[in-house]
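Student: My questions will all concern the structure given below.
The values are calculated or read from the model by the stated rules, or taken from the named source; none is laboratory data. Keep in mind that this is a model prediction, so the values were computed, not measured. Here the Cβ is made from the backbone with ideal geometry for all residues, glycine too, and neighbour counts use every protein chain on show.
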Amino acid sequence: MNQTADTLNVFAEDKSTGNIVHVSEVLRGNACDCICIECGNELQARKGEARRHHFKHITGTECDGETILHKLAKKILVNNRQLALPNQEGYFQYAEVIEECKLESIRPDIILVTTTDKVLIEIAVTSFITEEKLAKIQGQSYNAVEVDFSSLPRECSYLELEKILIDQIDKKEVVNWKGEQLKVEKNSGMTYFLLFLVAIFLSWVGYSKLKNKKFRKRRQRR
Ligand SMILES: [Zn+2]
């Protein structure tokens, strides 16, 4: 396991519950009862003094854990079906999430599929989109967003990771967007219209009550 992947390996799967856990949430050593998200092999939680706490494979393995954050990102995107993007109002909705597939000559980390289009999601952990890849994305006119996971907070939990990926926009960069072809499902217009109707109705009710009162008072006077 190389230095980068090792220090980043703070997430694992709880063997008994299947939940994603952070190294800070588990017992030290083999008692953590965790397996690797990438290869499924057993892990131990290294929680010593000298190094940042992390997970390490118990038996020697070729697995370098480099796609763990990609796998977590996919899981989070599948569970949410919407995310905030810097160039979109509200949340961008999608129906399907595809991982690691080939699109023409591009191999994006994740593809979000809507009823009308696709958005390529690149998860940058140790490497960012190359000039060559960007040229291909622009050449094919794909919508593409790069998510910067290279400098996550030291003790970033799964929930915080989810917040960064779904709710925040500061770690996302729209590297290409083809424009109007994508229809973001927005219902805010409809909501405002309904609120407007309710407001009219309420003021009408209020007005007629007031009118009745005045009318009754006038009648009582007579
Ligand atoms: Zn592994």
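Student: Kindly indicate whether any position in region 135-144 is part of a loop (DSSP other than H, G, I, E, B) and in contact (Cβ under 8 Å) with a residue 60 or more places away in the chain.
Tutor: Here is the first cut: in region 135-144, the residues part of a loop (DSSP other than H, G, I, E, B) are 140-142.
Subset that is in contact (Cβ under 8 Å) with a residue 60 or more places away in the chain: none.
Taking every residue of region 135-144 in turn, none turns out to be part of a loop (DSSP other than H, G, I, E, B) and in contact (Cβ under 8 Å) with a residue 60 or more places away in the chain.
Student: Right, another one. Within the group 104, 122, 99, which residue is within 19 Å of the chain's Cα centre (by Cα) and at pLDDT below 90? Please lay out each step first, then the result.
Tutor: On the way: 104 fails: within 19 Å of the chain's Cα centre (by Cα); 122 fails: at pLDDT below 90.
From the options 104, 122, 99, the qualifying one is 99.
Student: Please go through region 130-159 and pick out each residue that is out of contact with any Pro (no Cβ under 9 Å at 6 or more places or on another chain) and among the hydroxyl-bearing types (Ser, Thr, Tyr).
Tutor: Matches in region 130-159: 130, 141, 150, 151, 157, 158.
Student: Quick one: would you say residue 18 is more than 12 Å from the ligand (Cβ to nearest atom) and farther than 19 Å from residue 149 by Cβ?
Tutor: Numbers: more than 12 Å from the ligand (Cβ to nearest atom): yes; farther than 19 Å from residue 149 by Cβ: yes.
When the stated conditions are applied, residue 18 passes them.
Student: May I ask you to verify whether residue 30 is at pLDDT below 95 and polar (S, T, N, Q)? Break it down into steps so the answer makes sense when it comes.
Tutor: On the way: at pLDDT below 95: no; polar (S, T, N, Q): yes.
Criteria not met by residue 30.
Student: Cβ-Cβ distance below 9 Å, separation of 6 or more or different chains: which pairs start in region 56-73 with a residue that is more than 10 Å from residue 125 (Cβ to Cβ) and at pLDDT 90 or above and end on one that is within 9 Å of the ligand (Cβ to nearest atom) and of a type in the set (Gly, Ala, Ser)?
Tutor: Listed pairs, sorted by first residue: 57/65.
Student: Take residue 52 and tell me if it is away from the ligand (no atom under 16 Å from the Cβ) and at positive phi.
Tutor: Details: away from the ligand (no atom under 16 Å from the Cβ): yes; at positive phi: no.
In short, no.
Student: When you look at residue 118, is it more than 16 Å from the ligand (Cβ to nearest atom) and among the charged types (D, E, K, R), yes or no?
Tutor: Values: more than 16 Å from the ligand (Cβ to nearest atom): yes; among the charged types (D, E, K, R): yes.
Considered against the rule, which asks whether it is more than 16 Å from the ligand (Cβ to nearest atom) and among the charged types (D, E, K, R), residue 118 comes out as yes.
Student: Now a separate question. Which one is nearest to the ligand (Cβ to nearest atom) among residues in region 21-49 that are of a type in the set (Gly, Ala, Ser) and surrounded by fewer than 20 Cβ atoms within 10 Å (Cβ to Cβ)? Explain how you work it out, then say what you get.
Tutor: Step one: list which residues in region 21-49 are of a type in the set (Gly, Ala, Ser), which gives 24, 29, 31, 40, 45, 48.
Those still in the list that are surrounded by fewer than 20 Cβ atoms within 10 Å (Cβ to Cβ) too: 24, 29, 31, 40, 48.
Numbers: 24: 19, 29: 17, 31: 19, 40: 7, 48: 20 Å.
This residue is 40.
Student: For the condition away from the ligand (no atom under 16 Å from the Cβ), in contact (Cβ under 8 Å) with a residue 24 or more places away in the chain and closer than 27 Å to residue 145 by Cα, what is the one hit in 84, 95? Steps first, answer last, please.
Tutor: On the way: 95 fails: in contact (Cβ under 8 Å) with a residue 24 or more places away in the chain.
Residue meeting the stated conditions: 84.
Student: Let me ask another. Which strands (runs of 3 or more DSSP E) does region 1-94 wholly contain that include 1 or more residues that are under 18 Å from the mean Cα position of the chain (by Cα) and among the polar types (S, T, N, Q)?
Tutor: The qualifying strands (runs of 3 or more DSSP E) are 82-84, 91-93.
Student: Given the criterion on the phi < 0 side of the Ramachandran plot, buried (at least 17 other Cβ atoms within 10 Å of the Cβ) and touching a strand residue (DSSP E or B) at 6+ places or on another chain (Cβ under 7 Å), identify the matching residue among 113, 125, 97. Before you say what the answer is, go through the steps one by one.
Tutor: On the way: 113 fails: buried (at least 17 other Cβ atoms within 10 Å of the Cβ); 125 fails: touching a strand residue (DSSP E or B) at 6+ places or on another chain (Cβ under 7 Å).
Among 113, 125, 97, only 97 is on the phi < 0 side of the Ramachandran plot, buried (at least 17 other Cβ atoms within 10 Å of the Cβ) and touching a strand residue (DSSP E or B) at 6+ places or on another chain (Cβ under 7 Å).
Student: Under 9 Å between Cβ atoms, at least 6 apart or on separate chains: pull out the pairs that start in region 13-38 with a residue that is in the same structural domain as residue 72 (by TED's automatic domain parsing) and closer than 21 Å to residue 161 by Cα and end on any residue that is in a loop (DSSP other than H, G, I, E, B) and within 15 Å of the ligand (Cβ to nearest atom).
Tutor: none
Student: Now for a different question. Filter region 152-187 down to the residues that are buried (at least 16 other Cβ atoms within 10 Å of the Cβ) and in a helix (DSSP H, G or I), then identify the one that is modelled with the lowest pLDDT.
Tutor: Restricting to residues being buried (at least 16 other Cβ atoms within 10 Å of the Cβ) and in a helix (DSSP H, G or I), the top hit is 158.
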